[in-house]
Each structure stands twice: as C-alpha cells, then as structure tokens.
Amino acid sequence: MAGPNDKTRRITVDGRVMVDDPDLAVRAAVDGLGIAYTIEALAEPFLRSGQLVRVLEDWSPSIAGLFLYYPGHRQVPAALRALIDMIRTTRGSAPAKGLVENPFTAN
C-alpha cells in the first residue's frame with residue numbers, strides 16, 4: 001500500500017529480452033539487461049555479492065515450499081504414491097499412511 005512519502009516513477013525501457021530459462025533470466029539481470037522474476041535460490045549468490053538488488057519486494061509472493069495437487073481419489077496410483085512418499089521423506093517427514101485432506105473442501 002502506498003504511503004504519503006511514496007513516489008511514482010515512470011521509466012521508459014528500450015528493447016525487450018524475454019527468456020524462458022530461469023538461469024538465463026538471472027544472468028541477463030546480472031548483465032544489466034533488466035529485471036528477473038525468479039526463485040530466491042537462483043538469485044541469492046548475486047544478491048549477496050551485490051550484483052543484484054531486490055525490486056518490487058512488496059509484490060513478490062513468499063511461498064513456504066512446493067505443493068503437489070492431485071485428484072483426491074480413494075486409491076492413489078502406485079507411481080503417484082511413490083512420488084508423494086519420496087517427497088515427504090526427502091523433506092524429513094514420514095511417508096503418509098493416507099491422503100492429506102484437501103483444505104478447500106468442506107468435511
């Protein structure tokens with residue numbers, strides 16, 4: 001939300017670089033070609049060294065982790081169950097015995 005001391009700036013940008021590779025986007029930002037919207041882990045070394053600075057931080061979402069969405073069937077296919085258990089084990093929690101409840105549906 002804008003405060004009384006906030007200023008609006010209008011900047012004209014010449015040229016356009018669009019990439020679909022996060023590493024290339026960070027490299028382009030480091031090289032001064034523009035800004036990059038990427039995950040923090042890719043930008044962190046350049047943020048620490050001062051080669052990059054955060055911009056538009058108030059509009060950048062903070063996500064606590066990755067999420068896996070799948071249809072809530074009673075019987076989950078074995079391959080999907082193996083993936084879910086592998087992710088949970090890798091994150092340090094025990095594999096689930098059943099499905100995680102969908103927080104968006106009424107019980």
*How many nm is it between the label spots at Gln51 and Leu24, if each spot is 7 Å from the Cα in line with the beta carbon?*
1.8
*Describe numerically, in nm with one decimal, the distance between label points set 7 Å from Cα along Cα→Cβ at Val76 and at Arg10.*
5.2
*Gain in length, Val17 to Glu44, computed as 0.36 nm per residue apart minus the alpha-carbon separation, to one decimal in nm?*
7.5 nm
*Counting only the heavy atoms of the protein chains, how much of Thr8 is accessible to a 1.4 Å probe, in Å² to the nearest 10?*
140
_Suppose R0 equals 35 Å. What FRET efficiency, 1/(1 + (r/R0)^6) with r the Cβ-Cβ distance, do Asp85 and Tyr37 give to the nearest 0.05?_
0.65
*Peptides ranked, highest mean first, by Cβ atoms within 10 Å: ranges 27-35, 46-54, 67-75*: 27-35, 46-54, 67-75
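The values are calculated or read from the model by the stated rules, or taken from the named source; none is laboratory data. Predicted, not measured: the structure shown is a model, and the values here were computed from it. Glycine also receives a Cβ, built like all others from the backbone with ideal geometry; neighbour counts cover every protein chain displayed. Areas reflect the complete protein model, heavy atoms only, side chains present, ligands, DNA and RNA absent. Shrake-Rupley method; radii C 1.70, N 1.55, O 1.52, S 1.80 Å.
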